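Peer 1: I'd like to ask you about the structure that follows.
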Amino acid sequence: PYYIDLNQNLYLQAYLHNSDPNLIVFVDTCVASPDPYDFNAVTYDIVRDGCPRDPSYTTLYSPYSHCARFKFSAFEFLRRHPAVYLRCQLAVCRRWDPSSRCHRGCVSRAKRDTGS
């Protein structure tokens, strides 16, 4: 476990053990929960569908394409729960594929019109 205080920055890094320069890593979704076994009931979205949901979320520079680095600030969740668990989903894509999930970036779903 990592121990941090409210509003302190938490730095994370995810990387492939394969350093193939033709692969890139993209943070698609990262969710926090007070329950390590339930990421549906009480959750807090940090990143969802490649779109930052927490205003303190920042993608950090990495000199390696096979490494994703980011940070965010410890949030109000910590005040209400003694422990918070993270579950992040990453995409691994071919570097030069413009149609890949990694190159599409933030994917916000359009809302459907309900009509009159």
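The values are calculated or read from the model by the stated rules, or taken from the named source; none is laboratory data. Note that this is a predicted model, so its numbers are computed, not measured. Positions of Cβ are backbone-derived with ideal geometry, glycine not excepted, and every protein chain shown enters the neighbour counts. Each accessible area value is taken on the protein alone, full model and side chains, heavy atoms only, with ligands, DNA and RNA left out. Shrake-Rupley method; radii C 1.70, N 1.55, O 1.52, S 1.80 Å.
Peer 1: Surrounded by 15 or more Cβ atoms within 10 Å (Cβ to Cβ), among the charged types (D, E, K, R) and in a strand (DSSP E or B), is that true of Arg87?
Peer 2: On the way: surrounded by 15 or more Cβ atoms within 10 Å (Cβ to Cβ): no; among the charged types (D, E, K, R): yes; in a strand (DSSP E or B): yes.
Answer is no for this residue.
Peer 1: Taking segment 1-47, which residues are open to solvent by 70 Å² or more (accessible area, probe 1.4 Å), under 18 Å from the mean Cα position of the chain (by Cα) and farther than 22 Å from Ala83 by Cβ?
Peer 2: Hit for segment 1-47 is Tyr15, nothing else.
Peer 1: Specify the residue that is farthest from Ala14 (Cα to Cα); the eligible residues are those in segment 56-72 that are at pLDDT below 90 and open to solvent by less than 40 Å² (accessible area, probe 1.4 Å).
Peer 2: Filtering first and then ranking leaves Ser65.
Peer 1: Only one of Arg109, Arg53, Arg80 is open to solvent by 100 Å² or more (accessible area, probe 1.4 Å) and at pLDDT 90 or above; which?
Peer 2: On the way: Arg109 fails: at pLDDT 90 or above; Arg80 fails: at pLDDT 90 or above.
After applying the criteria, what remains is Arg53.
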